[in-house]
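Below is one structure; the comments refer to it alone.
The values are calculated or read from the model by the stated rules, or taken from the named source; none is laboratory data. Being a predicted model, the structure only gives us computed values, none of them experimental. Cβ coordinates were reconstructed from backbone atoms using ideal geometry, including for glycine residues, and neighbour counts include every protein chain displayed. Quick note on the areas: whole protein, heavy atoms, side chains included, nothing else; ligands and nucleic acids left out. Shrake-Rupley method; radii C 1.70, N 1.55, O 1.52, S 1.80 Å.
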Amino acid sequence: MVEKIELITEWIKNSNNIVFFGGAGVSTESGIPDFRSDQGIYKKQYMCNGRNVSAEECLSIDFARQHPDIFYDYYIHEFIHPNALPNRAHKVLAQLEKLGKCKAVITQNVDSLHQMAGSKNVLELHGTTAVYSCDHCHLQYSEKQVFDLLKKERVPRCTCGGLIRPNIVFYGEALPSGVFEKAIDYVSKCEVFIVAGTSLNVYPAANLMNYYLGNKCILINLQKTPYDDMADCVIHEKCGDVLTQVFEKIKI
């Protein structure tokens, strides 16, 4: 572990072309549950019309449109974490950007914690819970506007009558236009590629591993991933622990 920390510290210290790609494990230290661990939200079942519904079904676009009241009940309980704050990993990445080292943060998360920590160039592959739009006319709404509506009704409706939905990528939908292509461009041109807090089981996001052309890929995740063999340095520890240790050494 010590040797690996020394190695990746040297890589990061000597590079001004770093790209970070993270998943749900980056935000668990902020109190936001991940998806696929034993305590993840995919292990939970949700009751709908007398039957248990999986998270994948609740988060499908067809289900959200057919059962918007149940979707919103699920969404508020499982996806909205008003007290969550950026953790050590988010803060280190923001500092690396300020130093001119981290060129982009690519995230599968929808919680906007990277932006709250100060990162400016964040590519949100799966959208965000900070913005909402009408499923019919596409008029945009803020989170505050939506939650004000939810105080009165179980389902927020647009002035046109359409369903107001969070701007996240539901199952059955494509990624936001252009964002994946932009992520590929950053990954293919970077010198140091840090991948953290992701099982690398969700596609097309996991395919980003195949676009890295360098020899300084750092993979940080508590569990093994299908791409461990492709990384140049693998550490099975918490992302926040590793990045904090590295940043402390860089500052010396």
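Details
- Share, in percent, of DSSP beta bridges within the chain that are antiparallel, nearest 5: 35
- For residue 103, the lysines whose Cα falls under 26 Å of its own Cα, not counting residues fewer than eight places away in the same chain, are 4, 13, 91, 120, 182, 189, 216, 238, 249, 251.
- Across the chain, C-alpha contacts under 8 Å between residues 6 or more apart give a mean separation that, scaled by the residue count, equals a relative contact order of 24 percent.
- Centroid-to-centroid separation of the stretch 13-33 and the stretch 170-220 [C-alpha atoms, Å]: 12
- The Cα-based radius of gyration and maximum Cα-Cα distance (Dmax) for the stretch 64-223 are 17.4, 55 Å.
- Square roots of 5 times each gyration tensor eigenvalue, C-alpha, the stretch 167-217, largest first, Å: 22, 13, 8
- Accessible area expressed per residue, the chain, with surrounding protein chains retained (probe 1.4 Å, Å²): 49
- Listed peptides 2-8, 102-108 by packing density, highest first (mean Cβ within 10 Å): 102-108, 2-8
- Protection proxy ranking of 211-221, 65-75 - average other beta-carbon atoms within 10 Å, highest first: 211-221, 65-75
- GNM flexibility winner over the chain from 167, 201, 87 (Cα, springs under 10 Å): 201
- Report summary: the helix-based calculation at 222 nm, which adds -39500 (n - 2.57) for every DSSP H run with n ≥ 4 and divides by the residues of the chain, gives -9000 deg cm²/dmol.
- Interatomic Cα distance distribution for the stretch 161-252, bins of 10 angstrom, percent: 14, 38, 31, 12, 4, 1
- The charge dipole of the chain, taken about its Cα centre with unit charges on the Cβ of Lys, Arg, Asp and Glu (plus for the first two, minus for the last two), comes to roughly 540 debye.
- Semi-axis lengths, Å, the stretch 119-158, gyration tensor of Cα atoms, sqrt of 5 times eigenvalues: 23, 12, 8
- Applying 1/(1 + (r/R0)^6) with r as the Cβ-Cβ distance of residue 173 and residue 84 and R0 = 25 angstrom yields a FRET efficiency of 0.55.
- Estimated distance in nm for a label pair at residue 56 and residue 159, the labels positioned 7 Å out from Cα along Cα-to-Cβ: 4.1
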